[in-house]
2 protein chains.
Amino acid sequence: MNVWVWGAGSSAFGKQPAESTASLVRLAVLEALRDAEVDQVDAVYVGTCFGEPGVAQRTLHRLGIAGLPITVLENACASSTHAFHEACAALEAGRHRQVLVVGVEHLTSRFTGALPVERRDHEGRAGLGLPALYAMSAAHYQDLFGLTDAELAAVSVKNHAHGVHNDRAQHRRAVTAEEVLASRMIADPLTLLQCCAISDGAAAVVVGDRRRGARDVPVLATAFGTGAAWGHDSPRVWGFDLVAQTAARAYQAAGVGIGDVDVLEVHDAFTIGEIVTLEALGMAPEGAGGRLALDGHTVLGGPQPVNPSGGLLSRGHPLGATGVAQIFEIVRQLRGQAGPRQVAGARIGLVETMGGGAGGVDGNACVVCLLGA
Amino acid sequence: MNVWVWGAGSSAFGKQPAESTASLVRLAVLEALRDAEVDQVDAVYVGTCFGEPGVAQRTLHRLGIAGLPITVLENACASSTHAFHEACAALEAGRHRQVLVVGVEHLTSRFTGALPVERRDHEGRAGLGLPALYAMSAAHYQDLFGLTDAELAAVSVKNHAHGVHNDRAQHRRAVTAEEVLASRMIADPLTLLQCCAISDGAAAVVVGDRRRGARDVPVLATAFGTGAAWGHDSPRVWGFDLVAQTAARAYQAAGVGIGDVDVLEVHDAFTIGEIVTLEALGMAPEGAGGRLALDGHTVLGGPQPVNPSGGLLSRGHPLGATGVAQIFEIVRQLRGQAGPRQVAGARIGLVETMGGGAGGVDGNACVVCLLGA
């Protein structure tokens with residue numbers, strides 16, 4: 001597609017009660033504009049999940065970004081990847097020429113307790129929040145394919161090891177498989193260190209309809225889809241079909257396959273998520289994704305590093321901020337600016353984000369983006 | 001533009017604690033699909049302000065609307081008019097062929113107290129919510145142009161008289177100017193009956209990229225803009241410049257002027273809002289809008305009826321639902337289906353919605369749509 005990422009910015013990620021939605025947006029946007037070497041855009045797309053109405057608009061106005069179309073999207077954890085998708089579509093349609101995309105979430109102030117549960121959300125009323133749903137999926141997967149606890153833990157070990165090299169990451173410390181498995185059980189078989197934490201952060205990118213120089217990173221394709229409700233007795237664990245279908249559309253539009261991808265940022269809100277996602281993206285046959293981290297295939301230095309930023313597990317997962325933070329990482333990687341976590345010679349990068357309904361598994365959304373080359 | 005409204009639906013509006021976001025969406029969507037005579041769409045755009053994450057997606061999935069792009073937008077009171085604008089733009093760009101647009105808000109369960117106030121929202125911290133800001137604007141306007149309390153009250157009298165004929169309206173009773181002015185003072189000079197109430201509701205329309213028959217209502221243009229911060233000492237009262245600029249773009253795109261418009265639904269969250277908006281739309285010179293309701297120009301039976309549905313004051317204002325409810329009304333009017341509130345021979349209709357930041361006046365957004373002929 002005729003879209004390029006001109007610049008990217010990000011706040012630090014982590015619990016930051018002294019910051020606000022506005023202050024985080026400010027940090028990310030100013031860095032993105034500076035990195036893109038622009039001081040104006042034609043439109044803004046914002047992804048946020050629990051942001052109070054109007055806060056993005058007010059913050060942008062105070063940065064002097066006023067009088068232009070500002071579109072605020074909510075699509076659970078995929079909110080800002082979806083915003084990126086809409087921004088790219090608007091550029092492709094000729095609606096705008098240079099667009100700012102922002103993802104933000106200040107969870108410590110907004111996510112202060114249990115979510116309200118809809119009357120018809122039978123899972124939510126039974127106490128099945130996302131950790132429980134992912135855990136049920138992981139147990140099902142273990143039963144079907146013999147996935148081991150050690151394979152699950154290896155995902156967390158890998159992503160924490162990567163995050164050590166990311167100065168924006170929430171958890172910058174390496175963990176061992178023993179620590180992961182000995183950490184508090186959240187929802188069997190998922191222990192604490194296999195679950196992402198409450199986090200605050202913002203990220204921003206500037207996208208344009210033309211390449212101005214070698215620093216601008218081509219967007220090859222973006223695809224967005226939503227899934228049908230998932231039955232707990234399905235042989236396919238959570239998200240597999242939706243990710244596979246969305247990725248297939250992105251690969252076709254970009255004219256690349258998984259074998260061409262050098263570096264990936266995917267939705268590891270829970271360890272099982274990364275494993276299933278990588279299978280759905282075609283990196284391993286169904287049931288064989290558990291080996292990818294343990295065997296080193298997806299570790300920095302391996303053939304296809306996954307989540308060099310630390311992923312949701314280590315960089316952190318401020319819901320609406322995550323998608324653009326993933327794009328920020330891929331942009332840095334494709335420009336060779338990733339420092340100690342640089343994937344050598346990275347030419348094509350993939351971003352995948354899953355947005356699950358807050359109270360259940362129907363309401364899934366998925367966005368897959370291919371950048372580079 | 002090559003976009004037509006194929007069908008429209010709406011729940012009842014009003015305080016409905018026994019309903020939920022999901023049940024209201026269901027009512028509106030099923031009526032819109034039936035009215036459009038379709039059982040499938042390619043994509044969905046949802047506008048909501050305080051909707052909990054994922055609820056629109058879950059509800060749609062339970063109606064069998066699954067596996068397609070669902071975009072949830074927030075833009076304060078203009079959320080679903082903005083969703084309509086984005087849907088029309090997507091159809092124009094050839095991204096989809098038939099799209100569902102939904103607006104919903106279940107305020108009684110979601111808007112349960114004061115909004116959280118951002119640290120940098122100086123107005124909000126001083127207690128200046130929207131009633132106070134509109135009131136300050138009204139007082140300023142009275143001072144500048146001699147607008148009388150009777151002229152303000154006439155807007156409420158008119159819209160309540162219209163709402164009597166709307167079986168979906170929240171307040172279906174006529175009020176006198178004396179009642180309006182004697183009702184409790186909310187923020188000087190705005191009394192209770194000059195302010196919209198807490199309300200729950202949903203509305204939906206189906207839009208397509210082709211005309212299938214005479215019932216399909218052409219969309220002539222939609223325009224969306226955001227405003228710069230408003231200074232309290234500005235000679236222009238709240239919203240005037242933004243509405244005027246947005247309307248100018250819509251008129252130009254549609255090739256029509258205010259004189260061609262037969263019926264309007266505009267943002268009368270407070271009486272002063274309708275007056276300023278009609279001036280900004282060009283119906284009266286600046287400072288002369290107060291006469292429009294009192295003189296009968298905007299009353300049903302007059303030359304250019306405004307808010308035949310009852311408007312936000314009488315039909316009700318469930319924030320995210322309002323924009324599509326306005327479009328619902330205009331569609332009914334242009335098809336000659338408005339029963340006792342029908343504007344005779346209505347050929348061109350205008351919808352205007354203002355979205356103000358929840359905590360202040362910067363963050364304004366405005367959408368203007370022209371339909372018909």
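Data table
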read-out: Residues of region A:85-110 satisfying the condition of being more than 9 Å from chain B (Cβ to nearest Cβ) and either in contact with a Gly (Cβ under 6 Å, 6 or more places away or on another chain) or among the acidic types (D, E) (or both); value: A:Q98, A:G103, A:V104, A:E105
read-out: Which numbered condition A:V324 misses (of (1) of a type in the set (A, V, I, L, M, F, W, C); (2) touching a Phe, Trp or Tyr at 6+ places or on another chain (Cβ under 7 Å); (3) surrounded by fewer than 23 Cβ atoms within 10 Å (Cβ to Cβ)); value: (3)
read-out: Selected residue [assigned to a helix (DSSP H, G or I) and surrounded by fewer than 23 Cβ atoms within 10 Å (Cβ to Cβ)] from A:G301, A:G273, A:G259, A:G282; value: A:G259
read-out: Test set (1) part of a strand (DSSP E or B); (2) touching a Ser or Thr at 6+ places or on another chain (Cβ under 7 Å) - B:L100 fails condition number; value: (2)
read-out: Exclusive hit being more than 21 Å from the chain's Cα centre (by Cα) and touching a residue at least 12 places away in the same chain (Cβ under 8 Å), set A:G213, A:G257, A:G208; value: A:G208
read-out: Complete set of residues in region A:80-110 that are of a type outside the set (D, E, K, R), buried (at least 24 other Cβ atoms within 10 Å of the Cβ) and closer than 16 Å to A:V29 by Cβ; value: A:S80, A:A83, A:F84, A:A87, A:V99, A:L100, A:V101, A:V102, A:G103, A:V104, A:H106
read-out: Residues of region A:185-211 classified as assigned to a strand (DSSP E or B) and in contact with a Lys or Arg (Cβ under 7 Å, 6 or more places away or on another chain), total; value: 3
read-out: Count of region A:61-72 residues which are without any contact (Cβ under 8 Å) to a residue 24 or more places away in the chain and either facing another protein chain (nearest Cβ under 7 Å) or of a type in the set (V, I, T) (or both); value: 3
read-out: Residue within region A:44-55 that is farther than 30 Å from A:R210 by Cβ and β-branched (V, I, T) present; value: yes
read-out: B:G311 vs. criteria farther than 25 Å from B:I198 by Cα and either more than 14 Å from chain A (Cβ to nearest Cβ) or more than 15 Å from the chain's Cα centre (by Cα) (or both); value: no
read-out: So A:R58, is it facing chain B (nearest Cβ under 9 Å), in a helix (DSSP H, G or I) and either of a type outside the set (S, T, N, Q) or in contact with a Leu (Cβ under 7 Å, 6 or more places away or on another chain) (or both); value: yes
read-out: Lone unmet requirement of (1) in a loop (DSSP other than H, G, I, E, B); (2) more than 11 Å from chain A (Cβ to nearest Cβ); (3) modelled with pLDDT of 85 or more; (4) surrounded by fewer than 19 Cβ atoms within 10 Å (Cβ to Cβ) for B:P131; value: (1)
read-out: Qualifying residue in region A:338-351 (condition: β-branched (V, I, T) and either crowded, with 24+ Cβ neighbours inside 10 Å or touching a Leu at 6+ places or on another chain (Cβ under 6 Å) (or both)); value: yes
read-out: B:T71 being of a type in the set (S, T, N, Q) and in a strand (DSSP E or B); value: yes
read-out: Yes/no for B:A223 being in a strand (DSSP E or B) and within 14 Å of chain A (Cβ to nearest Cβ); value: yes
read-out: Some residue of region A:69-81 being modelled with pLDDT of 90 or more, out of contact with any Gly (no Cβ under 9 Å at 6 or more places or on another chain) and either closer than 21 Å to B:T48 by Cβ or among the charged types (D, E, K, R) (or both); value: yes
read-out: Count of residues meeting criterion [more than 19 Å from A:E86 (Cβ to Cβ), of a type in the set (G, A, S) and either more than 12 Å from chain B (Cβ to nearest Cβ) or out of contact with any helix residue (DSSP H, G or I) (no Cβ under 8 Å at 6 or more places or on another chain) (or both)] in region A:17-53; value: 2
read-out: Which listed residue, of B:A174, B:A139, B:A214, B:A244, is outside any strand (DSSP E or B), among the small types (G, A, S) and touching a Pro at 6+ places or on another chain (Cβ under 7 Å); value: B:A139
read-out: Set A:H165, A:H106: member being touching a Pro at 6+ places or on another chain (Cβ under 6 Å) and not hydroxyl-bearing (S, T, Y); value: A:H165
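The values are calculated or read from the model by the stated rules, or taken from the named source; none is laboratory data. What you see is a predicted model; the values in this text were computed from it and never measured. Glycine also receives a Cβ, built like all others from the backbone with ideal geometry; neighbour counts cover every protein chain displayed.
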